[in-house]
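Visitor: Sharing a structure, written as structure tokens. Questions coming.
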Amino acid sequence: MTLYSKIIGTGSYLPTRRVTNQDLTEQLAAKGIETSDEWIVSRSGISARHYAAPGETSSDMGVAAAKKALEMAGLQPNDIDLILVASSTPDYFGSFPSTACIVQNKLGITNHGAAFDVQAVCSGFVYAVATADSYIKSGMHKNVLVIGAEVFSRILNFDDRGTCVLFGDGAGAIVMTGSHEPGVRAAKLHADGRHAGILTVAGSVDGGALAGSAFLYMDGPAVFKLAVSVLEKVAVEVLEQAKMTAEQVDWLIPHQANIRIMKSTAKKLGLPLEKMVVTVDQHGNTSAASIPLALDIAVRDGRVKKGDNVMMEGVGGGFTWGAVLVTM
């Protein structure tokens with residue numbers, strides 16, 4: 001019998017602090033930077049986002065989301081034999097130990113299963129799901145915890161209104177396991193390093209000091225153009241690989257970056273907007289956390305049901321992009 005990897009649990013977490021566009025407008029006005037709720041909404045569709053509390057880390061949020069996913073899956077932490085954490089804001093600036101290892105410790109997992117981080121920025125969760133799928137199908141791992149967690153508020157330049165209004169913090173998680181029922185139907189991943197400079201945090205450590213910048217930089221028009229171009233193509237690739245049509249997709253869950261990009265992708269695929277899960281208005285762009293956050297909300301409010309076909313796709317710095325088609 002064919003072995004699939006199947007999602008059996010979802011979970012999410014948002015920091016307590018909710019920041020509206022009005023809150024940001026007032027904060028920026030105090031610095032002499034002009035913006036408005038109308039300006040932000042018209043360009044992105046974002047009305048609010050959440051910011052982590054001081055000292056609250058990606059691993060903290062990832063653990064909170066993971067506990068909910070494990071509870072839904074009916075598994076204990078030590079049932080997990082592989083942890084993948086997608087994050088561009090790991091707990092440590094030097095990126096080690098990995099946030100996945102920190103999550104493993106905080107969950108009390110002592111079975112010596114594997115744990116590592118996946119770095120593909122906003123495509124990170126899709127990359128991690130595809131990676132988990134391969135490990136499960138190979139028989140190397142049985143139960144995989146996949147987390148997307150970000151604290152982007154800490155790398156935002158609040159003198160740059162073009163980027164600081166777009167991003168937020170949060171985490172989402174899923175539990176995947178081997179199954180003879182259809183689960184992940186197809187996955188496709190891509191990258192083009194020629195566009196590394198259009199979305200980047202170009203800082204590094206040199207002699208114990210920061211070299212370069214620790215702030216996020218984004219060439220908005222260039223990112224928009226590339227995102228619109230590649231998202232439709234990768235979705236079509238995945239549908240062809242799965243031998244399915246767009247009409248068979250029950251839900252589209254794109255990376256929640258910009259409502260205009262999201263609507264454009266749905267339109268090109270011929271999917272009604274009613275079939276697209278949207279959380280960007282309340283969460284902002286939470287990078288690798290955005291897709292699992294949206295998935296968990298749609299599962300828990302009853303929109304995404306067992307047996308539904310869900311297309312998840314993302315684009316991110318690198319430049320990276322990818323999509324997975326799963327049957328829940």
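Visitor: What value does segment 49-130 have for Rg/Rh, both radii from Cα atoms and Rh as Kirkwood defines it?
Guide: 0.95
Visitor: Still on this structure: With θ set to phi - 60° and the Karplus curve 6.51 cos²θ - 1.76 cosθ + 1.60, what are the ³J(HN,Hα) couplings of segment 46-51 in order, to the nearest whole Hz, using x for Gly and Pro?
Guide: 8, 10, 7, 7, 10, 10
Visitor: If only Cα atoms are counted, what is the Rg of segment 129-218, and what is its Dmax, in Å?
Guide: So, for segment 129-218, Rg and Dmax equal 18.3, 53 Å respectively.
Visitor: Further question on the same structure: Return the percentage of antiparallel bridges among DSSP beta bridges fully within the chain, rounded to the nearest 5 %.
Guide: Percent antiparallel among DSSP bridges in the chain is about 75.
Visitor: Within segment 129-288, what percent of beta bridges assigned by DSSP are antiparallel, to the nearest 5?
Guide: Percentage antiparallel, nearest 5: 90.
Visitor: Name the long-range amide H neighbours of VAL304: under 5 Å, sequence gap of 5 or more, or other chain; modelled H, no Pro or chain starts.
Guide: VAL299
Visitor: Taking only protein heavy atoms and a 1.4 Å probe, what accessible area per residue, in Å², does segment 1-64 have with all protein chains in place?
Guide: Value returned for segment 1-64: 47 Å² of accessible area per residue.
Visitor: No solvent, one uniform scatterer per C-alpha: report log10 I(q)/I(0) for segment 198-253 via the Debye equation at q = 0.25 1/Å, two decimals.
Guide: Normalising to I(0) and taking log10 leaves -0.96.
Visitor: State the extension gain, in nm to one decimal, for the chain segment bounded by LEU273 and ARG260, taking 0.36 nm per residue of separation less the distance between their alpha-carbons.
Guide: Length gained, LEU273 through ARG260: 3.5 nm.
Visitor: Let me ask another. Keeping every protein chain present and rolling a 1.4 Å probe, give me the accessible area per residue for segment 130-174 in Å².
Guide: That works out to 29 Å² for each residue.
Visitor: What lysines sit close enough to LYS305 to cross-link, taking a C-alpha to C-alpha distance under 22 Å and skipping anything fewer than 8 places away on the same chain?
Guide: LYS6, LYS67, LYS68, LYS243, LYS275
Visitor: Using modelled backbone amide H atoms (1.01 Å from N, in-plane), which distant-in-sequence or interchain residues come within less than 5 Å of GLY317's amide H?
Guide: Here CYS122, SER123 satisfy the definition.
Visitor: List the trypsin sites (Lys or Arg not before Pro) in segment 20-101 that DSSP assigns to loop (not H, G, I, E or B) and whose Cβ has at most 16 other Cβ atoms within 10 Å. Which are they?
Guide: Qualifying residues, ordered by number: LYS31.
Visitor: Any chance you could list P(r) for segment 148-284, counting all Cα-Cα pairs in 10 angstrom bins from zero, rounded to whole %?
Guide: The percentages, shortest bin first, are 9, 31, 36, 18, 6, 1.
Visitor: Continuing with this model, one more query. Counting only Cα, what are the radius of gyration and maximum Cα-Cα distance Dmax of segment 1-91, in Å?
Guide: In Å, with Rg to one decimal and Dmax whole: 18.7, 64.
Visitor: Read phi for every residue in segment 306-317 and hand back ³J(HN,Hα) as whole Hz from Karplus 6.51 cos²θ - 1.76 cosθ + 1.60, θ = phi - 60°, with x for Gly and Pro.
Guide: Once θ is set to phi - 60°, the couplings for segment 306-317 become 4, x, 6, 8, 10, 9, 10, 8, x, 10, x, x Hz.
Visitor: May I ask you to give the percent of accessible area on the chain that is carbon plus sulfur, with a probe radius of 1.4 Å?
Guide: It is 54 percent, rounded to a whole number.
Visitor: Then there's this: Using a probe radius of 1.4 Å on heavy atoms only, what accessible surface per residue do you get for segment 221-326? Whole Å² is fine.
Guide: 37 Å²
Visitor: Also: Explain nothing, just the number: relative contact order of the chain, from Cα pairs under 8 Å at least 6 residues apart, as a whole percent.
Guide: 26 percent
Visitor: Which cross-chain or sequence-distant (5 or more) residues have an amide H under 5 Å from the amide H of GLY183, H modelled 1.01 Å from N in plane?
Guide: HN-HN under 5 Å from GLY183: SER5, THR327.
Visitor: When a/c reaches 1.5 or more, the comparison of a/b and b/c decides; with that in mind, is segment 256-328 rounded, prolate or oblate per its Cα gyration tensor?
Guide: rounded
Visitor: Can you give the helix-only mean residue ellipticity at 222 nm for the chain, where every DSSP H stretch with n ≥ 4 adds -39500 (n - 2.57) and the sum goes over all residues, rounded to the nearest 500 deg cm²/dmol?
Guide: It lands at -10000 deg cm²/dmol.
Visitor: Spelling out what I want: for every residue of segment 145-152, take phi, set θ = phi - 60°, compute 6.51 cos²θ - 1.76 cosθ + 1.60 (Karplus), and round to whole Hz; glycine and proline get x.
Guide: For segment 145-152, the Karplus-derived couplings read 9, 10, 10, x, 9, 9, 10, 5 Hz, x marking Gly and Pro.
The values are calculated or read from the model by the stated rules, or taken from the named source; none is laboratory data. Quick caveat: nothing in here was measured; it's all calculated off a predicted structure. Here Cβ is always computed from backbone atoms with ideal geometry, including for glycine, and neighbour counts include all displayed protein chains. Quick note on the areas: whole protein, heavy atoms, side chains included, nothing else; ligands and nucleic acids left out. Shrake-Rupley method; radii C 1.70, N 1.55, O 1.52, S 1.80 Å.
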